[in-house]
Amino acid sequence: MENCKKEKVNQPKRPGLLQRLAALAVAAALALGLAGCGGLPSVPGGSADVLPNPAASTTGTSDSAETPFEMHFIDVGQALSVLVECDGQFMLYDGGNVDDGSLVVSYLQKQGVEELQYVFCSHAHEDHVGGLAAALAYFPANHVYGPVTEASTKCFQNFVKYTQQQGLQVEVPAVGTTWALGSATVTLLGPVAQYSDTNDTSLVLRIDYGSTSFLLTGDMEKTAETDLVNSGANLKADVLQVGHHGSSTSTGYVFLNAVLPEMAVISCGVDNKYGHPHEETLSILRDAGVDLYRTDLQGTITIGSDGQNYTVGTEQFVPDDQLNPTDPAASSTAQQAYIGNVNSKKFHLPTCPNLPAEKNQILFSSYEEAIAEGYTPCSTCIK
């Protein structure tokens, strides 16, 4: 990455596992009962779904030899939580809402998690940070990261509190920092600037395992997407976590063209009040020929990789025409087949490598419209 300091994160000594588990046992009784951002009430009956911490017993069997790398998009409704495993090491990216804490802990336990190498809070909104306090109460972590170290919401303060109860601090990593997760490499790509919009402060992670690659974007929106593209970061990835639950405020043409994913995952809730994923985003993904997966329709989505190829597993089978239905009449962007450059007066296909910066784009619904407006076709993408 250009203009970025790269550093390898060294692992400082941590308190012994048994010492940390003893401290966590006390914390766990509180954190799993979080019922909102307002405080830390006692554990409700729902916590009965949580299994005893496997780190307190003998290590169970592992199928890591068969699936050395797995990425789990946990179905946490209108929220985001992603568990990544490589060679028996685990990291957690977001934890869903506060009320999802028990579900996330239970899911991690069922995957054989005993310890988290890294915990990432993409940004300070509750639907991303809320469940992390519960995860930190149950699982010892080596490092905890966020875009900030403090925020005004109680749920973020609880995240910091349970981090500190492990003898850790929330760290703000520098762009370009890399971490090893087993034989996979995790790289922080963004944010590349300071933003007042909390969504745009999302930590953007690129994960490489062999020749397969994955991009986690949190709730990053188009302003930060454009800045990230202009930074020269290597965004090309096989799998994209679609930003902001499929909102039209994310996943612009310029950004998607830089990533060029084969598949994309949207984490959102069934019939959520925001209308996610928005038709504008679905249309852009259709135009680019991206295979789409959705937690609201398919439940938890698991992607496995052997370093060369990846496989996808879902809880529910849903036909492709339901995952991303074609409905041009409902879409404000479905007919925007060409993108013009207001400076050069050329127009392009959305997948052209020579797209202009988003501020210089104009959208046309047809070839004829672009010609009528005095634009000429790009010789690279339009033959």
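The values are calculated or read from the model by the stated rules, or taken from the named source; none is laboratory data. Since we're looking at a predicted model, the values are computed, not measured. For neighbour counting, all protein chains shown are included, and Cβ atoms are generated from backbone atoms with ideal geometry for every residue, glycine included.
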Checked region 207-218 for anything assigned to a loop (DSSP other than H, G, I, E, B) and among the β-branched types (Val, Ile, Thr); matches are Thr217
ask   = Hey, any hits in region 189-206 for a residue that's closer than 24 Å to Pro68 by Cα, assigned to a loop (DSSP other than H, G, I, E, B) and in contact (Cβ under 8 Å) with a residue 40 or more places away in the chain?
value = no
- prompt: Quick check, is Val170 modelled with pLDDT of 95 or more, within 24 Å of Gly77 (Cα to Cα) and touching a Phe, Trp or Tyr at 6+ places or on another chain (Cβ under 8 Å)?
  reply: no
From the option list Ser267, Ser248, Ser283, single residue qualifying as touching a helix residue (DSSP H, G or I) at 6+ places or on another chain (Cβ under 9 Å), surrounded by 15 or more Cβ atoms within 10 Å (Cβ to Cβ), over 30 Å from Ser366 (Cβ atoms) and at pLDDT 90 or above is Ser267
Determine whether Val104 is touching a helix residue (DSSP H, G or I) at 6+ places or on another chain (Cβ under 7 Å), of a type outside the set (Lys, Arg), closer than 30 Å to Gly275 by Cβ and assigned by TED's automatic domain parsing to the domain that holds Ser267. yes
Residue pairs qualifying under the 7 Å Cβ cut-off, at least six apart or on distinct chains, with the first in region 132-151 being in the same structural domain as Glu115 (by TED's automatic domain parsing) and the second being in a loop (DSSP other than H, G, I, E, B) and charged (D, E, K, R), are Phe139/Glu115; Pro140/Glu115; Asn142/Arg14
Pairs returned, first residue in region 87-105 that is touching a residue at least 12 places away in the same chain (Cβ under 8 Å) and within 15 Å of Ala137 (Cβ to Cβ), second residue that is among the hydroxyl-bearing types (Ser, Thr, Tyr) and not in a loop (DSSP other than H, G, I, E, B), beta-carbon separation under 6 angstrom, 6 or more apart or interchain, are Ser102/Ser47; Val105/Tyr138
Among the residues in region 177-188, are any surrounded by 21 or more Cβ atoms within 10 Å (Cβ to Cβ), under 21 Å from His125 (Cβ atoms) and under 20 Å from the mean Cα position of the chain (by Cα)? yes
Of the residues in region 339-353, those that are without any contact (Cβ under 8 Å) to a residue 40 or more places away in the chain and either touching a helix residue (DSSP H, G or I) at 6+ places or on another chain (Cβ under 8 Å) or surrounded by 14 or more Cβ atoms within 10 Å (Cβ to Cβ) (or both) come to Gly340, Asn341, Val342, Asn343, Ser344, Lys346, Phe347, His348, Leu349
Selection from region 346-376 of residues farther than 24 Å from Thr226 by Cβ and in a strand (DSSP E or B) yields Thr376
